[in-house]
Amino acid sequence: MHVGIKLIGRFKKEHKMKKQIIIFFLLVLLLFIFNKILMSGLVYNTSVVDTQGLLNKEQTTSQKLFDKAWRTVKGNFYESSLNDQNWDRWKKHYKNQIKTDADANVAINTMLESLDDPYSRYLNKASYADQNTSINSKINGIGVNISTMDGKTYVVSVIEDTPAALAKLRPGDIILKVNGKEISGMKTSQVADLVRGPENSVVTLTLLRKKTLITKKIQRREIKIKTVKSSIDKNIGYIQILSFIGTTTSDEFLSALEKTDKTDGLIIDLRGNTGGLLPNAVFIANMFIDKGNIVSIVGRNGYKKNIYAQQTNFVIEKPMLILVDGGSASASEIFSGALKDYHRAKLVGTKTFGKGMVQKIIPMPNQTGLNLTIAKYLTPSGHDINKKGIAPDIEVKLSEKDMIARNDVQLKKAKSVLTQMIQDEKK
């Protein structure tokens, strides 16, 4: 018996399915409106984002900008004790000391560091604009996906029809320098910030390809990012979600499901997916979980709100696996944690990152912004995965040698396990 998207009710496939999906998406939006006590405002990793609404064009003095940030943190940080400190000391320390926005940047981030929370940060005008651009699934860069392993930054993939593709960058290339700056030991995000830049500007990369040094001068341009990719290998569907950040991610996932509908099993690849918007994770998880709690949000003073699966007119029942690694974080862990807890999918790869905190995007004057941790989340079984991660059901490590040789042992193992699951299902 073919196991695919089981339609509950009879309707013409494409037209009716899209109609039900629109209805479901509206239900998700209504759910978040209903939960506005906890989730009020626009929340990074936890809310639908309209980037126009994220821009505060109010102009104010640098001192007042700091003072507003101080009040905002005091009233919204998820720990009311503010890391067991007297928050007033910061207001006294910087009183009448902030003369420029650069001063405000240093002072606010210094104040935030005292919270001992790596996810709360202040963004100046340029950094805040970059973040909003990412939410819109476009960015000024060259079109590569990179990953860091053992202090080295590798080109993992090259997006088609981008400056990187035209420059003939290849997966497995090791980036040594960006504009002459050594990047050894840098985090992936730090290297990405160096590679990105204003549209039409030029970035110079020094690469190591096998044993040959190569220098490439590449002109940046706007890259429209597709966050979901799909393919079919015999009777197995493969869907890669690169990020949950895009406002089009859910729609892209639906298109990928249609393309892989005739397959008997499904692999969802979340490796390197550092997260994004919670409604995307909830929306997609709800296609595999038809009832029960998908995630719990625990706010200030222990206030807890459960986000439940909404009833839909279809449910995906085919056997599936999820690929994860140390780069799978936040919304990726919400999705994979929910499916693991409900025994709906097995996880293959290595332990996830362990980011169980929720940040709210708060527009600040002078077109700046504040990402502030306002809550933590728990998986359906009540697990707090922050700084712990989620262990895979089947551990498969990807070595540096495998990455250079483009030998995806994790995907191969997933296909092997899924093939057996499909055979067992048909017995």
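The values are calculated or read from the model by the stated rules, or taken from the named source; none is laboratory data. Quick caveat: nothing in here was measured; it's all calculated off a predicted structure. Here the Cβ positions follow ideal geometry from the backbone for every residue, glycine too, while neighbour counts run over all protein chains shown.
Brief remarks on what is shown
- Residue satisfying condition, being in contact (Cβ under 8 Å) with a residue 60 or more places away in the chain, closer than 30 Å to Ala126 by Cα and either of a type outside the set (A, V, I, L, M) or touching a Leu at 6+ places or on another chain (Cβ under 6 Å) (or both), within set Asn366, Asn293: Asn366
- The selection criterion, being more than 21 Å from Leu323 (Cα to Cα), polar (S, T, N, Q) and at pLDDT 95 or above, holds for Gln219.
- Restricting segment 114-130 to residues that are buried (at least 18 other Cβ atoms within 10 Å of the Cβ) and within 11 Å of Thr368 (Cβ to Cβ), the residue that is nearest to the chain's Cα centre (by Cα) is Tyr128.
- Residue match in segment 37-53 (condition: modelled with pLDDT of 95 or more and charged (D, E, K, R)): no
- Which numbered condition Ile297 misses (of (1) surrounded by fewer than 23 Cβ atoms within 10 Å (Cβ to Cβ); (2) out of contact with any Lys or Arg (no Cβ under 6 Å at 6 or more places or on another chain)): (2)
- Residue match in segment 396-413 (condition: in contact with a Lys or Arg (Cβ under 7 Å, 6 or more places away or on another chain) and either assigned by TED's automatic domain parsing to the domain that holds Leu378 or at pLDDT 95 or above (or both)): yes
- For segment 330-344, filtering for residues that are surrounded by fewer than 24 Cβ atoms within 10 Å (Cβ to Cβ) and either touching a Gly at 6+ places or on another chain (Cβ under 6 Å) or in a loop (DSSP other than H, G, I, E, B) (or both) leaves 3.
- Just so you know, in segment 262-307 the residues that are acidic (Asp, Glu) and modelled with pLDDT of 95 or more include one that is nearest to Tyr238 (Cα to Cα), and it is Asp269.
- So Arg220, is it in the same structural domain as Leu378 (by TED's automatic domain parsing), of a type in the set (Lys, Arg) and touching a helix residue (DSSP H, G or I) at 6+ places or on another chain (Cβ under 9 Å): no
- For segment 231-241, the condition holds for at least one residue, the condition being that it is under 30 Å from Ser330 (Cβ atoms), aromatic (Phe, Trp, Tyr) and out of contact with any Phe, Trp or Tyr (no Cβ under 9 Å at 6 or more places or on another chain).
- Within segment 250-268, if we keep just the residues that are among the polar types (S, T, N, Q) and in contact (Cβ under 8 Å) with a residue 40 or more places away in the chain, the residue that is surrounded by the most Cβ atoms within 10 Å (Cβ to Cβ) turns out to be Ser250.
Each row is one residue, and each column tells you yes or no for (1) assigned by TED's automatic domain parsing to the domain that holds Phe335; (2) buried (at least 20 other Cβ atoms within 10 Å of the Cβ); (3) under 30 Å from Lys426 (Cβ atoms); (4) without any contact (Cβ under 8 Å) to a residue 60 or more places away in the chain.
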| residue | (1), (2), (3), (4) |
| --- | --- |
| Ile236 | yes, yes, yes, no |
| Ile245 | yes, yes, no, no |
| Val282 | yes, yes, no, no |
| Ala285 | yes, yes, yes, yes |
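- Cβ-Cβ contacts under 8 Å between residues 6 or more apart (or on different chains), taken from a first residue in segment 171-191 that is at positive phi to a second residue that is at pLDDT 95 or above, are listed as Asn179/Val203; Asn179/Thr204; Gly180/Thr204; Gly180/Thr206.
- Residue check for Arg271: of a type in the set (D, E, K, R), over 19 Å from Gly337 (Cα atoms) and touching a residue at least 40 places away in the same chain (Cβ under 8 Å): no
- Verdict on Ile362 being surrounded by 17 or more Cβ atoms within 10 Å (Cβ to Cβ), within 27 Å of Leu115 (Cβ to Cβ) and at pLDDT below 95: yes
- Segment 106-150, residues that are in a loop (DSSP other than H, G, I, E, B), over 30 Å from Ser81 (Cα atoms) and at pLDDT 85 or above: Ile142, Gly143
- Test result for Glu222, in contact with a strand residue (DSSP E or B) (Cβ under 7 Å, 6 or more places away or on another chain), surrounded by 17 or more Cβ atoms within 10 Å (Cβ to Cβ), farther than 19 Å from Lys346 by Cα and of a type in the set (Asp, Glu): no
- Scan segment 379-421 for residues that are farther than 25 Å from Tyr342 by Cα and not in a loop (DSSP other than H, G, I, E, B) and the total you get is 6.
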